[in-house]
Every structure is written in structure tokens, then in C-alpha cells.
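**Student:** Mind looking over this structure? Questions follow.
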Amino acid sequence: MESSRYQHGIAVIGNFLFVVGGQSNYDTKGKTAVDTVFRYDPRYNKWIRVRSLIEKRTFFHLSAIEGKLYAVGGRNAAGELSTVECYNPQHNEWMFVEKMQEPHYGHAGTVYNGQMYISGGITHDSFQKKLLCYNPESDKWEQKSPMSTVRGLHCMTTVKERLYVIGGNHFKGTTDYDDVLECEYYITDTDQWCCVAPMLTGQSDVGVAVYQGKIYVTGGYSWNNRCMVDNVQCYDPEVDKWTKTFSLPAALGGIRACTLTVLPNFATLRNSSGNTGPSPSSSNLVQHDHEAGGDMMLSVERPAPGARSARRGLVELDVGARPADR
């Protein structure tokens, strides 16, 4: 990209990656929030700039629903945001839709059956455990059963009929923060939550991606250890178990992750001997070639590493490697 990003949103429409808003400098108050939007074309490995947001926003959530982007809440120099914007790539336009009843930032979201679910976050300096549901067809918000644990700067994703909420942090006393290891999932049909295995170590402000039914949580910040982390933890819903898979190239906070289809001359696989070469298939960026001994690849957006500046660009990660000492 032409500029670096931190606390941004990413989503995929029609195999184009959109990077929306965020900030270029490390700033926990959102004073340096931006409104710029970039689109990445994996066919040519090129970025272009598209129409900017109506409002600058960072610490927000971005979802793709039925070919449109929805940017929810966040904060900027003016304060916390309750507004929601919708982007139509056919017209290259943003427009406001129904806003939330209260401002939220540091929240997480996911999509299921054409509706967007927003969990947790921070409102007026208070961590939340609310679950909100937005229906694009009716342009209405509805409150659902709350989570069992308050949390913010967590992640949320969908696997089959389950909406998973993972990690994050919340207040420890009145002046400090604590990692949230507890994880839970929500079932829309019953409006109920169920707790699952906790994370092995705390991670807030992470990237999350799903591949072959497993959830990968990348990077972020550990409040218990007071540092950015390079961890990638994998959760397998079939056995309700977390494992540490591999490490990022660097400890990164404000990271965002996704999967994307790429051409063979851009995707690479590393074989068991450590050599690199062209991908044997262009069907998916995230791949696994058992016979050739190849490894899965995960595309991850690389913003700020916790320093005072942010990073830009994409990195592919070998998610098949297993460190010998773990």
C-alpha cells in the first residue's frame, strides 16, 4: 500500500482485498484515525485507492455482506462512534446506514446467514459483553443474549453454525488490564452461548482467519506479559483444543488476517526441505499439498508492530510448520 496501517479493517469481496480506515501512527486515543480505503488485486499484485470513508475511524469493525462493506463504530479525534457506513463497490460510494444505539470501539464482529453480529468492545470507557445483530435488509439493529465475559479488542469468526468469540482483554481492578483467555460461541437459533476451551496465552488486537474448519489467531498484544506477541494459535472446534502452530516474522499488534485466492506465480509453498517454489495450485492462497510435502499458506495484513510507526503490505505465512520445542 502507499501508506501504513494499524487498527484498520479488512474484508474480501469478489477476491479483492479491501483495507479500510485505521491509523498510520501508534495512538490509543484514535486521534490519528484516517478515512482512506485501498483495494488489492491479487491477479496483478497491485493496490489502488478507492473512495474514502465518510468519517475517519479506527478501532472499528469491517464486514463484507452480499457484496458490500460495512464499517461499524470505532473512534476518531472527535470521540467514540456509533455510526455505520456501507460501501457499494459497484458505485464506489459510501453511505450511512442505521447507527448503533451506543458508540462502540474495540469490538469484534462476524457474519452469519446474511446478518452481522457485533460483540463486546468499549463504550464510554466501560468494557461490554453485549451482542448486537444488524440486518442489512431491514436496516435494523437488534440486541441478543450477552456473552458470559466482558471483553474488548478480541476477535470473532464463524465456523459452521457457531459464532466464536476469542481472547481480548478487560479491566483488572480500576487502573490495569488483564488478558481474557476464555472463549465461547453463540448459536443464533437458540440465542444461547456455550463456553469452550480457553486460549493457551492471551492475545488482544489480533488477526483471525478460518481455514479447513480451524481458527487461526495471529499476533496481537498480551497484557499479562506486557508485550506484543508473534504467536499464532490454532483452535480445532472438532476436538475443542488449542495448539501453538508457528510464529509471525515479527511481534505485531493491530494485525488483520484473511484468506485470498492468488495466481501460481505469486503464491509460493515451502517444501519439507525448506526450499521455496511456485504453488502447485492456484485454487487457494491457503493450501496443503500432502504428497509433495508442502505447507499451508496464510495471507496476513501487517500493520503496527507496537512501535511508534505502522507497517504496510502483505505477508504469506507457513501455517504447517511446527517448532520442535513446542
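**Student:** Quick one: what pairs do we get from the range 48-65, first residue free of Cβ contacts under 8 Å to residues at least 24 places away in the same chain, second surrounded by fewer than 21 Cβ atoms within 10 Å (Cβ to Cβ), C-beta under 8 Å, 6+ apart or different chains?
**Tutor:** Ile48/Phe38; Ile48/Arg39; Ile48/Asp41
**Student:** Please go through the range 84-99 and pick out each residue that is farther than 12 Å from Tyr134 by Cβ and surrounded by fewer than 17 Cβ atoms within 10 Å (Cβ to Cβ).
**Tutor:** From the range 84-99, those farther than 12 Å from Tyr134 by Cβ are 85, 87-96; that's our starting set.
Hits for the range 84-99 are Asn88, Gln90, His91, Asn92, Glu93, Met95, Phe96.
**Student:** Which of the residues spanning the range 87-111 are assigned to a strand (DSSP E or B) and over 18 Å from the mean Cα position of the chain (by Cα)?
**Tutor:** Our first condition is that a residue be assigned to a strand (DSSP E or B); within the range 87-111, this holds for 87-88, 93-97, 105, 108-111.
If the condition is that a residue be assigned to a strand (DSSP E or B) and over 18 Å from the mean Cα position of the chain (by Cα), then Tyr87, Asn88, Glu93, Trp94, Met95, Phe96, Val97 are the ones that fit.
**Student:** While we're looking at this one, here's another question. When you scan the range 31-38, do you find a residue that is over 26 Å from Val165 (Cα atoms) and surrounded by fewer than 16 Cβ atoms within 10 Å (Cβ to Cβ), even just one? Give the steps one after another, and end with the answer.
**Tutor:** Kept after step one, since they are over 26 Å from Val165 (Cα atoms), are these residues of the range 31-38: 31-32, 34-38.
Narrowing further to those that are surrounded by fewer than 16 Cβ atoms within 10 Å (Cβ to Cβ): 31.
There is at least one residue in the range 31-38 that is over 26 Å from Val165 (Cα atoms) and surrounded by fewer than 16 Cβ atoms within 10 Å (Cβ to Cβ).
**Student:** Inside the range 223-245, can you point out the residues that are part of a strand (DSSP E or B), at pLDDT below 95 and surrounded by fewer than 21 Cβ atoms within 10 Å (Cβ to Cβ)?
**Tutor:** Within the range 223-245, Cys227 is the sole residue that qualifies.
**Student:** Take residues that are modelled with pLDDT of 95 or more, of a type outside the set (Lys, Arg) and within 19 Å of Val206 (Cα to Cα) and tell me which of the strands (runs of 3 or more DSSP E) falling wholly in the range 112-165 contain 2 or more.
**Tutor:** Details: elements: 115-119, 131-135, 140-144, 155-159.
Fully inside the range 112-165 and qualifying: 115-119, 155-159.
**Student:** Would it be correct to say that Ser4 is surrounded by 17 or more Cβ atoms within 10 Å (Cβ to Cβ) and on the phi < 0 side of the Ramachandran plot? Write out each step before concluding.
**Tutor:** On the way: surrounded by 17 or more Cβ atoms within 10 Å (Cβ to Cβ): yes; on the phi < 0 side of the Ramachandran plot: yes.
Here the answer is yes, as Ser4 does meet what is asked.
**Student:** For the range 59-77, does any single residue satisfy the condition of being over 19 Å from the mean Cα position of the chain (by Cα), surrounded by fewer than 18 Cβ atoms within 10 Å (Cβ to Cβ) and acidic (Asp, Glu)?
**Tutor:** No, that holds for no residue.
**Student:** A follow-up question, please. What do you reckon, is Arg49 closer than 24 Å to Gly114 by Cα, assigned to a strand (DSSP E or B) and either of a type in the set (Phe, Trp, Tyr) or at pLDDT 95 or above (or both)? Break it down stepwise before answering.
**Tutor:** Values: closer than 24 Å to Gly114 by Cα: no; assigned to a strand (DSSP E or B): yes; either of a type in the set (Phe, Trp, Tyr) or at pLDDT 95 or above (or both): yes.
Taking the combined requirement at face value, the residue does not satisfy it.
**Student:** May I ask you to list pairs of residues, at least six apart or on different chains, whose Cβ atoms are under 6 Å apart, with the first in the range 225-237 being within 12 Å of Ser247 (Cα to Cα) and the second being among the β-branched types (Val, Ile, Thr) and surrounded by 15 or more Cβ atoms within 10 Å (Cβ to Cβ)?
**Tutor:** Val232/Thr218; Val232/Thr245; Gln233/Val217; Cys234/Thr245
**Student:** Here is a follow-up. Could you go through the range 135-142 and let me know if any residue there is touching a Leu at 6+ places or on another chain (Cβ under 8 Å), aromatic (Phe, Trp, Tyr) and in contact (Cβ under 8 Å) with a residue 24 or more places away in the chain. Reasoning before the result, please.
**Tutor:** Here is the first cut: in the range 135-142, the ones touching a Leu at 6+ places or on another chain (Cβ under 8 Å) are 141-142.
The next check asks that each one be aromatic (Phe, Trp, Tyr); those that pass are 141.
Next, only the ones that are in contact (Cβ under 8 Å) with a residue 24 or more places away in the chain stay: 141.
Yes, the range 135-142 has at least one match.
**Student:** Quickly run through the range 240-254 and pick out the residues that are of a type outside the set (S, T, N, Q) and in contact with a Leu (Cβ under 9 Å, 6 or more places away or on another chain).
**Tutor:** Filtering the range 240-254 for residues of a type outside the set (S, T, N, Q) gives 240-242, 244, 246, 248-254.
Residues satisfying the conditions are Trp242, Lys244, Phe246, Leu248, Pro249.
**Student:** Run down Gln203, Gln212 and say which single residue is within 23 Å of Ser63 (Cβ to Cβ) and free of Cβ contacts under 8 Å to residues at least 60 places away in the same chain.
**Tutor:** Details: Gln212 fails: free of Cβ contacts under 8 Å to residues at least 60 places away in the same chain.
Matching residue, one of Gln203, Gln212: Gln203.
The values are calculated or read from the model by the stated rules, or taken from the named source; none is laboratory data. What you see is a predicted model, and the numbers here were worked out from it, not measured in a lab. As a convention, Cβ positions derive from the backbone with ideal geometry for all residues, glycine included, and neighbour counts pool all protein chains shown.
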